[in-house]
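For reference, the structure is listed below as structure tokens.
Derivation of every value follows stated rules applied to the coordinates shown; laboratory data play no part. Every value quoted in this text rests on a predicted model; they were computed, and no experiment measured them. Please note: Cβ atoms are built from the backbone with ideal geometry, for glycine as well, and neighbour counts cover all protein chains shown.
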Amino acid sequence: MKNEIIHTLTNNFESHANQTEEGIEFWLARDLQHLLGYTKWDNFVSVISKAKSACEISGESIEDHFADVGKMVSIGSGAEKEIQDIMLTRYACYLIAQNGDSRKESIAFAQRYFAIQTRKAELIEQKILEYERVQARNKLKVTEKELSQVIFEQTGGNQNFALIRSKGDAALFNRTTQQMKVKWGLASTKPLADHMPTILLKAKDFATEITIFNAKQHKMKSENQISKEHITNNKSVRSTLLSRGIVPENLAPEEDISKIERRLVSDEKKALKNPDKLNEK
């Protein structure tokens, strides 16, 4: 019997969800009012007011989650009038439920329901950011491999790549690669890039792409020429970051990229094996 009630309540909340043209999910306050068991709009408005305060305290913009709209309703004999309504995001619904009377079964359910759904959205966002970082790291590997090949073809020295890359690191971080590893608490054998935030991976990749382009364009034949080019490009990227308030050496290291890759692969396998599992969490 309990499962039937939960199933009914879930369907009720989901069936009242709407979407904007941009694909943003929302509920209308007038619908949520009845779903949460409030008979009087004025009483429900006071709960919404508390939810707005909670939204502001959390650091979110009220306008991003509570949008005032008008709604036409029939008043008989074919006549209509406009009444106040509010478009609510899932987060707004969660805050409203949290500020409602938890003694009501529908509100107690809504508190759990929107908390879980909001957490799902957070987990999805986290996975997207992790995937973006993995992609950025893999892209840098490809770019650095290309630079290594260019260096070998144009200077004839395999050892030159490691030297040129370390000089690029020093220009980007204003510290040597080893000094950054010490600062981040990494083993000397661990690649520094495996713990870089996404923005630094992309910055480093951009500088390397420019070095490749100019090394080819100007047919640079010595380690000294390519090193100077790579240092200049990393210094330019550093200047851009600094101008936007981003100090590369002051950013915190992130989780080992290899661990994230293994976790993403594992999650994908689990989802393919049992797709309903994610919905149950």
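Observations on the structure shown:
- Annotation: amide H of I86 within the under-5 Å range of A29, R30, V69, sequence separation 5 or more or interchain, hydrogens built in the peptide plane.
- Residue-count net charge about A171 - beta-carbon cut-off 13 Å; Lys, Arg +1, Asp, Glu -1: +4
- Using C-alpha pairs below 8 Å separated by at least 6 residues, the relative contact order for the chain is 14 percent.
- Assigned charges on the beta-carbon of Lys, Arg, Asp, Glu; the chain dipole about Cα centre (debye): 1380
- When shorter helices are ignored and each DSSP H run of at least 4 residues is given -39500 (n - 2.57), the per-residue value for the chain at 222 nm works out to -22000 deg cm²/dmol.
- Its convex hull of Cα atoms gives the range 126-280 a direction-averaged projected area, equal to a quarter of the hull surface, of 10.8 nm².
- Positive-end extreme of charge dipole, the chain - chosen from F161, A29, S236 (charges on Cβ): F161
- Dipole orientation for the chain: of the candidates A215, Q98, H65, A215 has the Cα lying most toward the positive pole (charges on Cβ; Lys, Arg +1; Asp, Glu -1).
- Exposed-site-free run, longest, the chain (rule: GluC sites (Glu not before Pro); DSSP loop; at most 13 other C-beta within 10 Å): 23-254
- The Rg/Rh ratio of the chain, with both radii computed over alpha carbons and Rh defined as the Kirkwood radius, is 1.17.
- Residue-count net charge about I62 - beta-carbon cut-off 14 Å; Lys, Arg +1, Asp, Glu -1: -3
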